[in-house]
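Structure first, then comments.
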Amino acid sequence: MGSSSSCCGSEKVDERKSSVYRMTIGAVGNSSSTWRIFTYKELQVATDGFSEDNKLGEGGFGSVYWGRTADGLQIAVKKLKSMNSKAEMEFAVEVEVLGRVRHKNLLGLRGYCAGGAEQRLIVYDYMPNLSLLSHLHGQFAGQVHLDWKRRMNIVIGSAQGLLYLHHKVTPHIIHRDIKASNVLLDSNFEPLVADFGFAKLIPEGVSHMTTRVKGTLGYLAPEYAMWGKVSESCDVYSFGILLLEILTGRKPIEKLPGGVKRTITEWAEPLILKGRFKELVDPKLRGNFDENQLKQGIHVAALCMQSEAEKRPTMKEVVGLLKGYDPKSEEKQLRIESIRYEEGLMAKDQDSDDENGGGSPYDESSAAYGVFGAMDVQKMQDPYKQYGDRRTAKHG
Ligand SMILES: Nc1ncnc2c1ncn2[C@@H]1O[C@H](COP(=O)(O)OP(=O)(O)O)[C@@H](O)[C@H]1O
Ligand SMILES: [Mg+2]
């Protein structure tokens, strides 16, 4: 993996004055997939004491810092924000899941540290092009590194990562937080799905589970947002939103002038119905896109975003559809179902404003829009009961 095509990470590094931050060419993306236990001291030294300068991003779990180990490997270290049982659980889930997965489109585990009571850190390989979010709506949006070919590659790669989670590992894994900030980009803009803190392992023979709702509004499947019903098709729904976001460059939830919030599906639906595809595509591409791939992408997104979970395709089908352009789909009229979350849910969406978009300086931590923690779903009625769902369901 060369670093010649890396853009953003190297810029970030170059901005820094200290020689400590100079890149070690070739260290990034070390193909060895072994992991080990790190000491706290080692990570403290590697990240220059978890300095603000080295902060790469922030999410629900904690802050992520750039660092370099004594042997020259560039790493990203996720450090727990605060120590409580919820955070401890996320740490345990992420380490457990990461230890099980190995796929070129999933960000694997480089190591972890679970020293004293306050020390919970996860170590990954550093991804020099940071997150997809930073390119679509964040600090790199103005530079347009994501041309059409790269976008298509990101779509297919992340779909393959999800396919692996859903179909290739046992027990199957549901990610539950598929979104642009959880797709990282290596030096060649290859996508790696990251952040398994909310992941759920699905025991064999179980079709869905009912859980407390976690994730990001805008990407949440309706049955999951409303009733906590989680299955692989929740990830498929989120993937559909992500796909539409990559094609259009729009955020999943946008705040319109006047404060009204609009979902990406509400915006896209009328344009798709009228077949006005060229108006859907991200204007930053300046017309440089493949029309057939665009149509097929929208077709797949529409299939993934159906409100009835049973009708959505599996990730296997999604990958198949994305890889082969199916001319028959052209004849079918494309429909998209726009979703409008309940007012109560929309009110929980913390930050959907557009001020962070474009080329202005951008702090990814402020773009954790829509992240809300656990929501009590027990009080809500499970509508699936009335249909006498015969498949096994598990509450957990
Ligand atoms: N390996 C990495 N390389 C570069 N940036 C990273 C890496 N891991 C995380 N980040 C940055 O940190 C952000 C938060 O990381 P994430 O794993 O999603 O944590 P959280 O569980 O807190 O959401 C990401 O959106 C990304 O910007
Ligand atoms: Mg995250």
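The values are calculated or read from the model by the stated rules, or taken from the named source; none is laboratory data. All values reported here derive from a predicted model rather than from experimental measurement. Here Cβ is always computed from backbone atoms with ideal geometry, including for glycine, and neighbour counts include all displayed protein chains.
Assorted remarks:
Table: residues versus (1) away from ligand 2 (no atom under 12 Å from the Cβ); (2) not in a loop (DSSP other than H, G, I, E, B).
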site: Asp53; (1), (2): yes, yes
site: Leu56; (1), (2): no, yes
site: Gly60; (1), (2): no, no
site: Tyr65; (1), (2): yes, yes
site: Lys78; (1), (2): no, yes
site: Met83; (1), (2): yes, no
site: Lys86; (1), (2): yes, yes
site: Glu90; (1), (2): no, yes
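- Pairs where the first residue, in region 247-258, is within 11 Å of Leu217 (Cα to Cα) and the second is of a type in the set (Lys, Arg), C-beta under 9 Å, 6+ apart: Pro252/Lys179; Ile253/Lys261; Ile253/Arg262
- Qualifying residue in region 322-335 (condition: modelled with pLDDT of 50 or more, surrounded by 13 or more Cβ atoms within 10 Å (Cβ to Cβ) and small (Gly, Ala, Ser)): yes
- Scanning region 64-84 for residues that are closer than 17 Å to Trp35 by Cβ, of a type outside the set (A, V, I, L, M) and in contact with a Lys or Arg (Cβ under 7 Å, 6 or more places away or on another chain) gives a single hit, Gln74.
- Any hit, region 199-212, residues being part of a strand (DSSP E or B) and of a type in the set (S, T, N, Q): yes
- Single condition Ala87 does not satisfy, out of (1) of a type outside the set (Ser, Thr, Tyr); (2) surrounded by fewer than 22 Cβ atoms within 10 Å (Cβ to Cβ); (3) closer than 21 Å to Leu184 by Cα: (3)
- Pair list, Cβ < 7 Å and 6+ apart or interchain, from region 53-67 residues that are assigned by TED's automatic domain parsing to the domain that holds Lys214 to residues that are near ligand 1 (Cβ under 9 Å from one of its atoms): none
- Sole exception among (1) among the charged types (D, E, K, R); (2) within 16 Å of ligand 2 (Cβ to nearest atom); (3) within 22 Å of Gln306 (Cβ to Cβ) for Glu269, by number: (2)
- Boolean, Gly115 is surrounded by fewer than 22 Cβ atoms within 10 Å (Cβ to Cβ) and either of a type in the set (Ser, Thr, Tyr) or touching a helix residue (DSSP H, G or I) at 6+ places or on another chain (Cβ under 7 Å) (or both): yes
- Leading residue by the ranking (nearest to the chain's Cα centre (by Cα)) among those in region 216-255 that are within 10 Å of Met305 (Cα to Cα) and small (Gly, Ala, Ser): Ser238
- Region 119-132, subset farther than 14 Å from Arg151 by Cβ, more than 6 Å from ligand 1 (Cβ to nearest atom) and not in a strand (DSSP E or B), residue modelled with the highest pLDDT: Pro128
- Taking the criterion of being of a type in the set (Val, Ile, Thr), closer than 11 Å to Arg176 by Cα and part of a helix (DSSP H, G or I), the only residue of region 213-263 that qualifies is Val236.
- Scanning region 97-118 for residues being part of a loop (DSSP other than H, G, I, E, B) and within 15 Å of the chain's Cα centre (by Cα) gives a total of 3.
- Boolean, Gln143 is of a type in the set (S, T, N, Q), surrounded by fewer than 23 Cβ atoms within 10 Å (Cβ to Cβ), in contact (Cβ under 8 Å) with a residue 60 or more places away in the chain and closer than 26 Å to Ser82 by Cα: no
- Residue list for region 145-200, filter: away from ligand 2 (no atom under 16 Å from the Cβ), under 20 Å from Asp282 (Cα atoms) and of a type in the set (S, T, N, Q): Asn153
- Of the criteria (1) aliphatic (A, V, I, L, M); (2) over 26 Å from Glu88 (Cα atoms); (3) within 14 Å of ligand 1 (Cβ to nearest atom), which one Leu243 fails: (3)
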